[in-house]
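Structure first, commentary second.
Nothing in this text is a laboratory measurement; each read-out follows from the coordinates by a stated rule. All of these numbers come straight from a predicted model, not from anything done at the bench. Every residue, glycine among them, receives a Cβ derived from its backbone with ideal geometry; neighbour counts consider all protein chains shown.
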Amino acid sequence: MAGALSPAQLALFRDRGHLTVPGLLTPAECAQLVANIHAWGERFLADLPPAQRAWYVDGGVKARDVLRKLDNPHRHVPSVQALAAHPALVRWVESIIGGGLSVYFSQVFFKPPEGGGPKPAHQDNFYFGPNDREGLVTAWVALDDATVDNGCLFFGEGTNRGPVHAHVAPADEPFNLQLAADVLAAQPMTPAPVPRGGVSFHHGNTFHQSGPNHSAHWRRAIALHYVNAGTRFVQPALPYDETLRLRVS
Ligand SMILES: O=C(O)CCC(=O)C(=O)O
């Protein structure tokens, strides 16, 4: 049976609100997931009217529209469903939030070379509004090396131990909820590079954001938002479909 996280890893997670664990997936497994997600993305985007398409693609990349974001791959791509139930990943998540795990929501975050835009700072627990703020953890699986240059995550160290703050959104992007500038001004954000095939875990209260991709390489990742047996999204800021919830332990 796959091992749990060590007491030292858990202490780091509880203190800082995030933890990087390398070596979940092989390069071949990462490449297969990327191919499967791109194939699904092509099918999904082909059917969308142009106005909706804009939200899912990055149009700034060498005049091409390329997949940027898609929701709930754990329900649409069998290899992502298998990843969500990967024994080592499940064991690690159980060590953080306990058993009876489900993936409640998942996201594809693909940043294309020389154009992939930033993701503003936010707290997952503002979006999800869980009944237990300790009952949720995000596992962000890197399908490429994530670096400062290509747009890795940045975290507000220790913000997991603080409150959930009100978020604001640009008028033309009501779904793009983010922390207010004055809250962020008081909080340094630290980069957290992740090697390809590794996982970055973050607590639902932890401030996080990602920078633009200035490199010539993709920065692709899957975020799996896990909850334990007792946790539900009771005050979500956006609609989430509980029927897509996938029990994995
Ligand atoms: O990958 C990104 O750029 C953003 C990820 C994120 O916000 C998350 O995993 O909650």
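Considering the range 107-123 alone, what residues qualify as being in a strand (DSSP E or B) and more than 7 Å from the ligand (Cβ to nearest atom)?
Within the range 107-123, Val108, Phe110, Pro120, Ala121 meet the criteria.
Test of understanding: among Val90, Val148, Val103, which residue is under 18 Å from Ala192 (Cα atoms), of a type in the set (Val, Ile, Thr) and in contact (Cβ under 8 Å) with a residue 60 or more places away in the chain? Talk me through it step by step, then tell me what you get.
Values: Val90 fails: under 18 Å from Ala192 (Cα atoms); Val103 fails: under 18 Å from Ala192 (Cα atoms).
Just one listed residue meets the conditions, Val148.
Checking Tyr240 against (1) at positive phi; (2) within 14 Å of the ligand (Cβ to nearest atom), only one condition comes out false. Which one?
Checking Tyr240 against (1) at positive phi; (2) within 14 Å of the ligand (Cβ to nearest atom), the one that fails is (1).
Where residues in the range 217-229 are touching a Gly at 6+ places or on another chain (Cβ under 6 Å) and either assigned to a loop (DSSP other than H, G, I, E, B) or within 11 Å of the ligand (Cβ to nearest atom) (or both), which of them is farthest from Glu29 (Cα to Cα)? Walk me through how you get there before you give the answer.
Filtering the range 217-229 down to residues touching a Gly at 6+ places or on another chain (Cβ under 6 Å) leaves 219, 227-229.
Still in the list and also either assigned to a loop (DSSP other than H, G, I, E, B) or within 11 Å of the ligand (Cβ to nearest atom) (or both): 219, 228-229.
On the way: Arg219: 16, Asn228: 27, Ala229: 29 Å.
It comes out as Ala229.
Any residue at all in the range 166-188 that is within 22 Å of Pro112 (Cβ to Cβ) and either in contact with an Asp or Glu (Cβ under 9 Å, 6 or more places away or on another chain) or hydroxyl-bearing (Ser, Thr, Tyr) (or both)?
No, the range 166-188 has no match at all.
Look at Val164 and say whether it is closer than 23 Å to Val227 by Cα and in a strand (DSSP E or B). Walk me through how you get there before you give the answer.
Values: closer than 23 Å to Val227 by Cα: yes; in a strand (DSSP E or B): no.
For Val164, the condition - closer than 23 Å to Val227 by Cα and in a strand (DSSP E or B) - is not met.
Just need a number here: residues in the range 125-167 that are surrounded by fewer than 22 Cβ atoms within 10 Å (Cβ to Cβ) and either farther than 16 Å from Ala221 by Cα or within 11 Å of the ligand (Cβ to nearest atom) (or both).
The number of residues fulfilling the criteria is 18.
Residues of the range 195-216 being in contact with a Cys (Cβ under 9 Å, 6 or more places away or on another chain) and more than 10 Å from the ligand (Cβ to nearest atom), which ones? Even if it seems obvious, please write down each step before you answer.
The initial filter retains those residues of the range 195-216 that are in contact with a Cys (Cβ under 9 Å, 6 or more places away or on another chain), namely 196-197, 200, 210-211.
Within the range 195-216, Arg196, Gly197 qualify.
Residue check: is Ser102 among the hydroxyl-bearing types (Ser, Thr, Tyr) and away from the ligand (no atom under 13 Å from the Cβ)?
Details: among the hydroxyl-bearing types (Ser, Thr, Tyr): yes; away from the ligand (no atom under 13 Å from the Cβ): yes.
Considered against the rule, which asks whether it is among the hydroxyl-bearing types (Ser, Thr, Tyr) and away from the ligand (no atom under 13 Å from the Cβ), Ser102 comes out as yes.
Within the range 221-239, take every residue that is in contact (Cβ under 8 Å) with a residue 40 or more places away in the chain and over 24 Å from Gly156 (Cβ atoms) and give me the one that is nearest to the chain's Cα centre (by Cα). Break it down stepwise before answering.
Just the residues of the range 221-239 that are in contact (Cβ under 8 Å) with a residue 40 or more places away in the chain, to begin with: 221-238.
Right, trim to over 24 Å from Gly156 (Cβ atoms) and you get 229-230, 232, 234.
Values: Ala229: 20, Gly230: 21, Arg232: 18, Val234: 20 Å.
So the residue we want is Arg232.
Taking the condition under 13 Å from Tyr226 (Cβ atoms) and either assigned to a helix (DSSP H, G or I) or of a type in the set (Phe, Trp, Tyr) (or both), does Ser95 pass?
Values: under 13 Å from Tyr226 (Cβ atoms): yes; either assigned to a helix (DSSP H, G or I) or of a type in the set (Phe, Trp, Tyr) (or both): yes.
Yes: the conditions hold for Ser95.
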